[in-house]
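Values in this text are rule-based calculations from the coordinates and carry no lab data. Nothing here was measured: the structure is a model prediction, and the numbers come from that model. When we count neighbours, we look across all protein chains shown, and the Cβ atoms used for this are built from the backbone with ideal geometry, even at glycine.
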Amino acid sequence: MNKPEILAPAGNLEKLKAAIDFGADAVYLGGSKLNLRAFADNFEVEELKNGIIYAHERGKRVYVTLNVFPHNEDVIGLEEYLKELYDLHVDAIIVSDPGIIMTSREVVPNLEIHLSTQANNVNWKSAIFWYKQGVKRIVLARELSLIEIGEIRKNLPEDCELEAFVHGSMCMAYSGRCLLSNYMTGRDSNRGQCAQPCRYKYNLVEEKRPEEYFPIIEDEKGTYIMNSKDLCMIEHIPELLESGINSFKIEGRMKSSYYVASVVKAYREAVDSYFEDPKNYTFNSKWMDYLLKPSHRRYFTGFYFGEDNKQYYESSSYIRNYDIVGIVESYDPKSGRAIIKQKNKIFEGDKVEVLKPKGDNIIIALSDLKNDNYEKIPSTPVAQMIYSISTDVVLEKGEMLIKGKEAK
């Protein structure tokens, strides 16, 4: 059994570094064109170059999404963009459109191609079709059970890889093919501009009672309207591995660095634990704890187990129990002081949890706060300000300080 890749989202360079530092084997990101997260920070050429260097120096891979459904004007300059990505040494592109795949094969034939989940691949014959078109990896549709994935794996050539989402937001439409945003707001979700109207609160109005609004609510039988829960498969690592998935994909290019780091840490530890001793593998509840602290919606296991799908529920709101309050910039063992970049306001004496790339998290108290002029301060009210704390605990660059909503 091959060890699966942990594939993490990278909405910008900070998130790319967090994903890699906390254990991702690869990241996927949007460049300046043709990706489905037009409102993410995305990567311009110089930033993409720096991100690729950072990843490759650490033996990690970078995949760039070109997964829109392009209209005529979208393919202008496609050849030049593909050459640019190839020259930057991108490891693969993620594509859903046959025209982009064809152009890639013609212009940069040595650039690895991954088929986006937007292509809705749900059977092995389709997978073989794409494989014969030069696709190296199939990113499976989310609407598949583990049994179906296992059947697809058995019918594919060994060198045709399978990637599947294991964690993050789910779309109410079939593998993301939704027209609701375009219809209601004029923003095309299939060209990277989704306004997420599926998350709006809706009421029903009966034709002859125009002023009476009936809320759409959940009952014990299901039938929830449009709002998806979040996928979470951390408790089912052995089942995912047995199905033959090569890459465990985490959703969330629009999510925070804290989300990326914490989710990657959980799946990294779970997968590593399994491969250290498969026969005696047991689920560790701390991994779920890592996943419950960042912002998320209620978790479920999606389509993997073929259950009656309770995908929709009564609220689009996130559960937010913890916030990131700082990122460690450096630590001086002589002075016992750590330099921190502010992410949310904290106060002298606050207790925070240190999210570490390896090993268990620890709790420290923030004491002797000073600004970058070495002046003592009671709090950190300025966004992104640099400040320092006194601590006997050795902190490493890139570690994150997180704080519970009610913590003092």
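Using the alpha-carbon centroid of each, what span in Å lies between the stretch 112-142 and the stretch 53-80? Cα centres, the stretch 112-142 to the stretch 53-80: 17 Å. Applying the criteria of a DSSP loop state and at most 13 other Cβ atoms within 10 Å to the trypsin sites (Lys or Arg not before Pro) of the stretch 10-116 yields Arg58.
Taking 23 Å as the straight-line reach from the Cα of Lys154, the lysines in range (excluding those fewer than 8 positions away in the same chain) are Lys3, Lys125, Lys132, Lys136, Lys249.
Mind listing which GluC sites (Glu not before Pro) in the stretch 332-408 are in a DSSP loop and have 13 or fewer other Cβ atoms within 10 Å? Loop-located and lightly packed - Glu375, Glu406. Summarising the amide proton neighbourhood of Leu162: residues at separation of 5 or more, or on other chains, whose placed amide H is nearer than 5 Å comprise Ile138, Asn246, Ser247.
For the listed residue pairs Lys229/Lys345; Lys60/Lys229; Lys15/Lys265; Lys17/Lys403, the alpha carbons are over 19 angstrom apart in Lys229/Lys345; Lys60/Lys229; Lys17/Lys403. Only aspartates and glutamates eight or more places from Lys343 in sequence, or on another chain, were considered; those with a Cα closer than 13 Å are Glu14, Asp323, Glu329, Glu399. List the chymotrypsin sites (Phe, Trp or Tyr not before Pro) within the stretch 1-101 that DSSP assigns to loop and that have no more than 16 neighbouring Cβ atoms inside 10 Å. When the chymotrypsin sites (Phe, Trp or Tyr not before Pro) of the stretch 1-101 are filtered for loop state and at most 16 Cβ neighbours within 10 Å, Phe39 remain.
Taking a ≥ b ≥ c as the square roots of the Cα gyration tensor eigenvalues, the stretch 47-126 comes out oblate, since a/c reaches at least 1.5 and a/b does not exceed b/c. Amide H contacts of Arg61 (H built 1.01 Å from N, in plane; Pro and chain starts excluded): Ala26, Val27 sit under 5 Å, all sequence-distant by 5 or more or on other chains. Dipole orientation for the stretch 55-178: of the candidates Leu146, Tyr86, Thr65, Leu146 has the Cα lying most toward the positive pole (charges on Cβ; Lys, Arg +1; Asp, Glu -1).
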